[in-house]
Each structure stands twice: as C-alpha cells, then as structure tokens.
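What follows is one structure encoded as structure tokens, with my remarks underneath.
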Amino acid sequence: MRTSNSLSGSMRRRVVVTTAAAFLGLGLAVGSGLAAPALAADTATLSGIILGVGSNETQRIVTWYSSADTAQQVQVAPTASFPAGAVTFAGSGAANIATSGGYNRHATITGLTQNTAYSYRVGSEGNWSPTYAFKTQSFEGDYDFLFYGDPQIGSSGDTAKDQAGWVDTVNVSLAANPNAEILVSGGDQVETANTESQWDAFLAPTQLKSYPWAATIGNHDVGGKAYEQHLYTPNTDRSGAYYSSGTATGAQSGGDYWYIYKDTLFIDLNSNSYATSQGGGGDAAHLSYVTDVINQHGAEAKWKVLVYHHAIYSPADHAKDADNKIRRVDFSQKFSDLGVDLVLQGHDHSYSRSYLIKNGAKADATEQPGAADVYPGPGGVLYVTANSASGSKYYDITSPDSTGTSGAGNGADPLDPSKYWYNSVQNQEHVRSYVKVQVRNDKLVVQDLRSGTCAAPNAAVELAKSPCAETGQAVGSIVDKVTVHPYHGDSQAIQVNVPTGAPGEFGWTIDGYNGLVDLGTAVDHSDYFEATGSINPIVVSDSRRSLAPWSISAGVGDFKDADKTFAGSYLGWTPKVVTAGAGAKAGAAVGSGYDDGGQGLAVARGLGYADQGHARGTAKLGADLDLKIPGSAAQGAYRTTLTITALSS
Ligand SMILES: [Fe+2]
C-alpha cells in the first residue's frame, strides 16, 4: 500500500486500518504562497538556512538570515520538476536584533505530498541560494525521530571543537538512521544566546537543511532574540505568559508550541519561564497550555510527547535544582492525568530514563532498574533526559539524599541506592550520545546510542574538563533501550458488564498483554478494501456449582481517524474456541455488513457460550476478524473499541 508519489492524478481512494501507509494521490504540491514579484537583481547575502517542522507532516518551515531587507521567498518542487515547476511561498520576517544586524526570514511550505523528494531554495529572482533537498515519507504509520541534548556550542570555550563534535553526532546519527523523520532539540543550541558565530557552528551540519529541526529553547538560548530569529516554529503561542520576562517584545526568546507529526502530538515548552515572579505565567501557564492543546488536538494523534529543556527527573548537577523539584510536584500529576506517553528533556548533560512515573511517584514499585519493557498503566509517564550531543560539556552523576522517594524528593532508589528513586537508568561516560525513538503502531522504542568514543571530537575531554576512560563501546552501541507498551484504557477500552452471577466464581480476562488488535494495511480489491486479524484471546473461567449458562458477547462502534469515520458494521468475525473447557462453544460467524448489508459487529454478537449443566473449568475464546470497507472510504489509520460483555445467570 505504500504507493509512490503519483503525478498521474490517480484519485482512487485508499484506506488502511489501525496502521500506516497509503495516501490520496493528489499530485503536485500546491502552495498558498504568493508568486515572487519581478524585482531588480537582489544582492542580499543569504545565510543560516535551516529546515524546521511545520504544523504537520505536510508542512516544513524554512528559516534564514538575509543581509538586506528585501522581499524573499522559498521555491520548492518535486526534485524532478525543479525549478521549472516550483511553487513559491512568501517569506516574512523582520530586522534582527542590533547586535547581529541583518534580517530574518521564514516561510512555511504547505501541501507536501508523501514519499516525495523535494528541492528548494530561498532568496529572490536573480539571487537564489544554492538548492537543497528534503524528502517526505509515508504520511501514515511507523516512523523514527532522533532527540539531541544540549549541543550548547561554545560551552567548552572552543567553538570549533564543539562544532566538530556536533557535526559528528549529526553525521553518525543520520548515517545510522537515514530515514529518521524529525530531529528534536533538547534545548541549548548555543552557549551564548546572541553570539552569531556559535549559531553558525550550530547550523554547520548540512543535514539541518534536509531533516526538519524541532527547536527547543534552553536557558542558554533564552537571553536574546537569535533563537527566535533562527528557528521559527509552528503554532507558537507568543503570549507573555510563555516568556519568562512576561512579554514577547522584550529581549528574550520564548513561547510554547505544538505540532502533529503523523500520529504523534508534540508539545514543546519554554521551560525558562517557571514562576510568575519572573514576569511570565510560570508553570501554571504551561500546564494550561498543555491541557488546552491536548483537549483540542489530542484526539488527532495516538501519542503525546512533551519536550522541554529543564529536566525534572535527571541524574546529575541539576537534579536538585529548586525549580525542578517544584516541577516534579507541579508537572507530574497533570502529565499523568493528561495521558502523556513520553517526556523528552535536556539541561543535565547526562542520560537518564525514568521509571514509569505516575502522579509524582514511581507507578509500580516492582519495576526493575533497566527493564527492557515497561507497561504504563493509566497515568504512567516515561521521562528521558539526553546527554550532550556535541561533547561540549558533561555533568557527572550526583548522589541521592534523604529527601524522600516521591514528589520533590531526591532520595535513593530502594532497588539500587546509588541512583535517584525516579531513575531506572543513569549514565555518564563523557561520550557523546543521542536518543532514537521508534514510533510503532503499538509501542515506543526509546534508545540512547553512542555517537562517539572518548576520542576527538570530544571537546570537554580534549580540553581536560572531563576525564574519559575508554570502555571499548563502539560508536553506534546502545547505552540503554526500553520499549514502552501503552495502556489501552482510553482508546482500546475493553469493558465488562456482569449484572448478576456469583462473584469470584465466573469471570473473564484478556489473555496476556492487551496489545492493539492490529489489522495491518487493508488489501485493495478494487471495489473494497479488506483487512483481517484476530482479537486478543479471552479467558473465561467458571467454577460455580450451579453450572449455570454463560455467554460472552462483543461489538464495536464506528472506526475513526480524527474526523474521518466508517461504520463498525463493516467488521465481521468468526468466533472459535482456542482452548476447550467450561463447556465453551463458539458463537456464530457474522459477516461484514459490506457483503450482506447487515449490522456486522455494530451490534453485540456472541463470541462464545455454555449451556446449563456445562463442565466447570477454563476456556480460551478467540475470533478471526474480517473487515471489508467500501472503496470510497477515505485514506487513514482508523481505530475502534471492542466492548465486551459477559452474561451469566
Ligand atoms: Fe541548560
């Protein structure tokens, strides 16, 4: 179903079920930008070109500097038809802050088509930048993104060395992950907010013109406007509440923003603004922002990822900072309530992966340090802090104290007293690393990967600020890896209604881990699409002396993907007894409503039952699912909820 970009105008609709791929081939990218006016030759010098994320996967934002205040644009087209077929998007911007001089420009590219190689350039007629390239991938389904902690170019005192380490990490990470789709910042792009030579060094990796950078503001970026001038972000709320100074018109950068990439809602906060006494809205404003964004857009995505600079669960110098201790109380409960899946943080220049944290405490006391798989129940949130991506500065792991093992406390982990209670894994080797996140249909795989060794480029080590002992761990080796299996309480609720019956004697459970029932990508049969799969087996046990009859039935609501929908009646099934016992018999097969015009599973249907007088014991029930959808259904990744009801007298 992964159709390549089609310029042939094929309009046949394709649909997928619960997972990725396929799209509505709409042909050319169609922009809303203005055509470039005819201009006299413009001699503005163009610099600092960087590709950024847009509001969603169909957009990119290009930001750049210009030496002159002229009308400028971005031209973009599929590479095969560039520049003749290019669409133009008007740039906008303003004069830079006085210390750097020049002007900033940005333009939002819209209407991108999936699985397409694009070329683009910035400037104006007669004065274009070199041509750069980026590609889009499938707009549905699995993807990877990379997360980089504190490049903080200049913090070692040697900008060239910091740049070399940063360039190397970008090279190593993208050579290993060429299909990564977003590069997410942990903040502190530079050491000194308005020092343009540091920004030049940060912008040196050529890949920053081809892979979208999702900027995050750090404490070293906040003290000037260069951050905002270089890194324009989508959907940014520039209300004073999201600036530590209380105003966007001051000398500081700031703002909170969000975007949706495929099935992930990213919310990026200016964590420099943490208290109303500073002037901005502090943590309360951030929390209301996150709440509003999730209320308005949470249903459009299947994952919620928060990104901000100041780690609240981290292992090193900043672990006991007063603002972070406050936020461990302020933020954690709300993030749990809002169903956040993953929080990405920086600032502490060391790697940590938290235990699943719920409402400011370890969600499951039995979660083991370094567990390979974690299963958040309702409210469980994973917090990750990234080490330095550039090697410009490392902070060493610090020791727990006696301030407690929940809330603001920095007490020791009962399972490993060398660590803070909230961290499952802590690591500092004075070696550069980056975090890779694989977003999959029903899991997030988070890894910290070494992008260097003790050897140069490794500025903090080269300059003898941090000792480094070779461990023999190669570039690309894994520091830590964890798979997060989400809780399905909300989107995959399976409920039971037992009106009568003998408590504790008759019951049912989902067999094993209740993963997503993934029907994969529907197969195209011209008139309709078809997908098949099986429900997660259900175990029924009945030890009652009455030998009373029982039955299990289930049905589904409409399939939905944001505002797109199709009827649950298109789903049919063939129940089966997987493991015999308790007198279980399989319910009757029900065909898809596509074939017979019936209700399919849109009404409750019997999965299995036993008659009066059946044997006591345990049975496992399953069902093969058959989904047939009209060919007119819109492309998307749809989900529905299977609601299960047990009855017994
Ligand atoms: Fe920082």
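The values are calculated or read from the model by the stated rules, or taken from the named source; none is laboratory data. These numbers were taken from a predicted model, which means no experiment stands behind them. Please note: Cβ atoms are built from the backbone with ideal geometry, for glycine as well, and neighbour counts cover all protein chains shown.
On the stretch given as segment 294-311, residues that are assigned to a strand (DSSP E or B) and more than 16 Å from the ligand (Cβ to nearest atom) total 4. Among the residues of segment 410-427, those that are in a loop (DSSP other than H, G, I, E, B) and either of a type in the set (Asp, Glu) or surrounded by fewer than 20 Cβ atoms within 10 Å (Cβ to Cβ) (or both) comprise PRO414, LEU415. List pairs: first in segment 204-225 and more than 21 Å from SER119 (Cβ to Cβ), second away from the ligand (no atom under 14 Å from the Cβ) and part of a helix (DSSP H, G or I), Cβ under 8 Å, 6+ apart or cross-chain? Note: pairs meeting the criteria are ALA204/GLN163; ALA204/TRP166; ALA204/VAL167.
Put simply, of ALA160, ALA164, ALA201, ALA180 the only residue that is in contact with a Phe, Trp or Tyr (Cβ under 8 Å, 6 or more places away or on another chain) and part of a helix (DSSP H, G or I) is ALA201.
Sub-6 Å Cβ pairs linking a first residue in segment 345-366 that is under 15 Å from LYS320 (Cα atoms) and within 16 Å of the ligand (Cβ to nearest atom) to a second residue that is part of a strand (DSSP E or B) and of a type outside the set (S, T, N, Q), at least 6 apart or interchain, are GLY346/GLY149; GLY346/HIS309; HIS347/HIS309; HIS347/HIS310, ordered by first then second residue. The single residue among VAL374, VAL384, VAL446, VAL439 that is over 30 Å from GLN189 (Cα atoms), under 20 Å from the mean Cα position of the chain (by Cα) and at pLDDT 95 or above turns out to be VAL374. Here ASN270, ASN219, ASN235 are screened, and the one residue that is under 20 Å from the mean Cα position of the chain (by Cα), within 16 Å of the ligand (Cβ to nearest atom), assigned to a loop (DSSP other than H, G, I, E, B) and of a type outside the set (Val, Ile, Thr) is ASN270. Summed over segment 591-622, the residues that are crowded, with 21+ Cβ neighbours inside 10 Å, of a type in the set (A, V, I, L, M, F, W, C) and within 21 Å of TYR528 (Cβ to Cβ) give a count of 1. Residues in segment 317-328 that are outside any helix (DSSP H, G or I), away from the ligand (no atom under 11 Å from the Cβ) and surrounded by fewer than 22 Cβ atoms within 10 Å (Cβ to Cβ): LYS320 only. Could you check segment 411-444 and list, in sequence order, the residues that are in contact with an Asp or Glu (Cβ under 9 Å, 6 or more places away or on another chain), free of Cβ contacts under 8 Å to residues at least 40 places away in the same chain and on the phi < 0 side of the Ramachandran plot? Those that are in contact with an Asp or Glu (Cβ under 9 Å, 6 or more places away or on another chain), free of Cβ contacts under 8 Å to residues at least 40 places away in the same chain and on the phi < 0 side of the Ramachandran plot: GLY411, ALA412.
Annotation note: Cβ proximity below 6 Å between a residue of segment 164-175 that is farther than 14 Å from TRP213 by Cβ and a residue that is among the basic types (Lys, Arg) and not in a helix (DSSP H, G or I) (sequence gap 6+ or interchain) occurs for GLY165/ARG432.
For segment 277-293, taking the residues that are surrounded by fewer than 22 Cβ atoms within 10 Å (Cβ to Cβ) and over 19 Å from GLN333 (Cβ atoms), the one that is nearest to the ligand (Cβ to nearest atom) is identified as GLN278.
Checked against (1) assigned to a loop (DSSP other than H, G, I, E, B); (2) modelled with pLDDT of 95 or more, ASN104 passes all but condition (1). Of the numbered conditions (1) touching a residue at least 24 places away in the same chain (Cβ under 8 Å); (2) on the phi > 0 side of the Ramachandran plot, ALA474 fails exactly one; give the number of that condition. Condition (2) is where ALA474 drops out. The residue pairs whose first member lies in segment 178-200 and is under 19 Å from TYR257 (Cα atoms) and without any contact (Cβ under 8 Å) to a residue 60 or more places away in the chain, whose second member is hydroxyl-bearing (Ser, Thr, Tyr) and within 16 Å of the ligand (Cβ to nearest atom), and whose beta carbons are closer than 9 Å, counting only pairs six or more residues apart or on different chains, are LEU183/TYR148; GLN189/THR216; GLN189/TYR227.
Please go through segment 142-157 and give me each residue that is more than 13 Å from the ligand (Cβ to nearest atom) and among the charged types (D, E, K, R), ordered by number. Scanning segment 142-157 gives ASP142, ASP144.
With respect to SER332, determine if the residue is more than 16 Å from the ligand (Cβ to nearest atom), buried (at least 17 other Cβ atoms within 10 Å of the Cβ) and hydroxyl-bearing (Ser, Thr, Tyr).
For SER332, the condition - more than 16 Å from the ligand (Cβ to nearest atom), buried (at least 17 other Cβ atoms within 10 Å of the Cβ) and hydroxyl-bearing (Ser, Thr, Tyr) - is met.
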